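Working notes, structure below.
No value in this document is a laboratory result; all are computed from the given coordinates. The structure displayed is predicted, hence computed values, not measured ones. Every residue, glycine among them, receives a Cβ derived from its backbone with ideal geometry; neighbour counts consider all protein chains shown.
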Amino acid sequence: MKVGLLELIVILVAPLIVLLIAMFVLIMVFVSRRTRIIGKTAPEPEIEFCPNCSHKLIEVCNFCAECGASVRNGPQPRAANPEVPQ
């Protein structure tokens, strides 16, 4: 039985192609699982009242409509009112 050159190439290369495809699929599954695990973040808690003036927030935004303080970064320090000498 004589094996031709084309048949010999197919016999030798086909298993390599199958192995490469299997490795690619396994790598893609690993990367997608790792990305899914790492990409999960805790949901940001809903803020109902301004941390600065306790005004009820009507819509979700970054600043209070009443005092203009940043709602997402917590209360802003209030400036102390220095006494004016008379």
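Please report the net charge: other residues with Cβ closer than 14 Å to the Cβ of residue 65, K and R +1, D and E -1. Display every interim value, and only then the final one.
On the way: positive: 56; negative: 48, 59, 66.
Summing Lys/Arg as +1 and Asp/Glu as -1 gives -2.
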Completion exercise
Pseudo-spin-label distance residue 67 to residue 17, built 7 Å along Cα→Cβ, given in nm, is 7.0
Problem - Inter-probe distance in nm under a simple model that places probes 7 Å from Cα toward Cβ, at residue 31 and residue 48 - result: 4.5
Problem - Cut-off under 5 Å, modelled amide H: who pairs with residue 63 long-range - result: 71
